[in-house]
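The structure under discussion appears below in the form of C-alpha cells.
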Amino acid sequence: MIAGVLTETLPGERRVALTPAVLPALAKAGVTALMQAGAGRSAGYPDQAYTDKGAEIAASAADVVARADILLRVRLSPTSTSAGNVDLGLTRAGQAVVAFLDPLGEPALASALASRGITALSMELMPRITRAQSMDALSSMATIAGYKAVLLGASYLPRMFPMLTTAAGTIKPARVFIVGAGVAGLQAISTARRLGAIVEAYDVRAAAKEQVQSVGAKFVELPLDAGDSEDKGGYAKAQDESFYRRQREMMTKVVAGSDVVITTAAIPGKKSPVLVTAEMVSGMAPGSVIVDLAAERGGNCELTKADEVVDAHGVTILGPTNLPSTVPYHASQMYARNIQTFLLHLVKDGALHLDPADEITRETLVTRDGQVVHERVRALTA
Ligand SMILES: NC(=O)c1ccc[n+]([C@@H]2O[C@H](COP(=O)([O-])OP(=O)(O)OC[C@H]3O[C@@H](n4cnc5c(N)ncnc54)[C@H](O)[C@@H]3O)[C@@H](O)[C@H]2O)c1
C-alpha cells in the first residue's frame with residue numbers, strides 16, 4: 001500500500017503529515033511512503049531524512065496523487081473560499097484521504113469528496129476513548145497551541161514574567177489568567193508557570209479544578225451553576241446566554257487584574273461563547289495582552305479579529321488560528337505519530353480495512369462509496 005504525502009497547500013501551513021521517524025513502523029505493516037519532493041522542508045525534515053528511512057520521493061504532487069492508495073494530509077482547504085478547493089483537484093477517485101477536514105464546520109467539503117469518490121477520514125472526529133488517545137491529533141495540536149500562546153503573550157507584553165530581585169530593584173511577576181482548562185489551557189498554565197508567572201484559571205467543567213491545581217495554578221471560583229457541564233465525550237456543553245452574562249460579570253475583576261489573558265473556551269461545532277467583552281477589555285491596564293485561541297470560531301473576546309493584532313486603547317488582542325504551524329517540527333512529529341497509530345489500526349494485510357463495527361473507524365469515516373456516511377455530517381449536508 002502506498003501512502004502519499006503532499007506539500008500542504010493552505011497559505012502559511014508549515015506542517016507535514018508524516019515524519020521520517022514513523023516510516024519503519026508503517027513499512028512493517030506494508031505501507032510505503034511516497035513523499036512529494038520538499039514536503040517536509042518547512043517543518044525541518046529534508047527529503048534525505050525520508051529516503052534514509054525507506055521513503056520514495058516523487059517530483060510533483062501529481063505523481064503522488066497518481067500512485068498513492070491513500071493520501072495523508074494535515075489539512076484540506078475549505079470549499080467556502082472564492083478560489084474553490086485546490087485540494088479536491090489533488091485527489092483521485094477511489095483514493096482514501098486522512099486529514100483535518102473540518103467536516104462539521106465545512107460539510108460542503110465532505111459532499112464534494114463524496115461525489116469525487118474519495119474515502120475520507122477526519123482526524124477531528126477521533127472519539128475520545130482511551131484506545132484512541134494516541135490517535136487524537138486535536139489534543140496534540142492543542143498542546144502545541146497552549147504552549148505557543150503563552151510565548152506569544154509574553155513577547156507582546158511590555159513586562160517580564162518572572163519575579164526578579166536585582167540590584168536595580170524588584171520586578172513583580174506577571175499575572176496570567178487562563179479561561180478554559182482543557183488540553184490547551186492546561187499546557188498554557190504549565191508554560192506560564194515555568195516562565196515564573198502567577199497563574200489563575202477557570203473552566204465550566206467541575207473536573208477541571210483538580211487538574212488546574214495539579215499544574216500549579218489557582219482555580220478561580222465563580223459561584224455559577226454550570227449544571228451537568230460535560231458531555232459523554234468529555235467536551236463542555238454550551239450554556240445559555242444568561243449563564244455567559246453572569247460568567248462575564250464574575251470574571252471582570254480577574255480579567256482587569258491580569259497582565260495576560262489566554263482564552264481557550266471552545267464548544268465543538270459551535271460558535272465560541274463571548275467571555276471577554278469590549279467593556280472588560282477597557283478595564284485592563286494598558287500593555288496587557290489577550291491571546292484568544294478560540295478565534296477560528298468567532299473568538300472568546302468580543303474584539304478579537306482572526307489572525308490580526310488588535311490594539312484596543314493599549315491592550316493587545318491576538319487571535320491566531322494556526323499556532324501549531326508555527327512550531328512545525330514538533331507539531332508534525334506529534335501529528336505523524338497520531339497518523340501512524342491510526343493507520344496501523346486501519347491497515348490489515350497491507351490494505352485499508354474499514355469496519356463500521358469498530359468505533360474508531362465509524363466515528364472518523366466521513367465519506368465512502370460516493371456517499372457522506374457519517375451521521376452528524378450527513379445531517380449538515382442535507
Ligand atoms: N481521549 C481522551 O479521553 C481525551 C482526549 C482529549 C481531551 N480529553 C478531555 O476532554 C476535556 C476537554 O478538552 P479540550 O481541550 O479538547 O476542550 P476544548 O478544546 O473543546 O475546550 C477548551 C476548554 O474550554 C472549556 N470551556 C468551554 N466553555 C467554557 C466557558 N464558558 N468558560 C470556561 N471554560 C469553558 C472546556 O470545558 C474545555 O476545557 C478535557 O478534560 C480533556 O482532558 C480527553
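The values are calculated or read from the model by the stated rules, or taken from the named source; none is laboratory data. Here the structure is a predicted model, which is why all the values come from computation and not from measurement. Here the Cβ positions follow ideal geometry from the backbone for every residue, glycine too, while neighbour counts run over all protein chains shown. These accessible areas exclude ligands, DNA and RNA; they are computed on the full protein's heavy atoms, side chains included. Shrake-Rupley method; radii C 1.70, N 1.55, O 1.52, S 1.80 Å.
General remarks:
- Under the combined filter of DSSP loop state and at most 11 neighbouring Cβ atoms within 10 Å, the range 194-246 retains these trypsin sites (Lys or Arg not before Pro): LYS232.
- Take the Cα of ASP358, step 7 Å toward its Cβ, do the same at THR165, and the gap between the two points is 5.9 nm.
- Peptides 345-357, 37-49 ordered by average Cβ neighbours within 10 Å, highest first: 37-49, 345-357
- The packing ranking of peptides 333-339, 62-68, 308-314, highest mean first, is 333-339, 62-68, 308-314, where packing means the average number of other beta carbon atoms within 10 angstrom of each residue.
- All-pairs Cα distance distribution in the range 7-77, expressed in whole percent, bin size 10 Å: 21, 57, 21, 1
- Residues whose amide H comes within less than 5 Å of that of PHE100, counting only those at least five positions distant or on another chain, are ARG75, LEU76, MET123 (H built at 1.01 Å from N in the peptide plane).
- Carbon plus sulfur fraction of accessible area for the range 98-185, probe 1.4 Å, in percent: 59
- The lysines whose alpha-carbon is closer than 18 Å to the alpha-carbon of LYS237, local same-chain residues fewer than 8 away aside, are LYS209, LYS270, LYS271.
- P(r) histogram, all alpha-carbon pairs of the range 176-278 included - 5 Å bins from 0, percent: 2, 13, 25, 26, 20, 10, 3, 0
- Per residue solvent-accessible surface (Å²) - the chain, probe of 1.4 Å: 44
- Structure-based [θ]222 nm, the chain - -39500 (n - 2.57) summed over DSSP H runs of at least 4, per residue, nearest 500: -9000 deg cm²/dmol
- Taking only protein heavy atoms and a 1.4 Å probe, the accessible area of the range 272-342 is 50% carbon and sulfur.
- Cβ-derived FRET efficiency at R0 41 Å, SER155 paired with LYS348, nearest 0.05: 0.30
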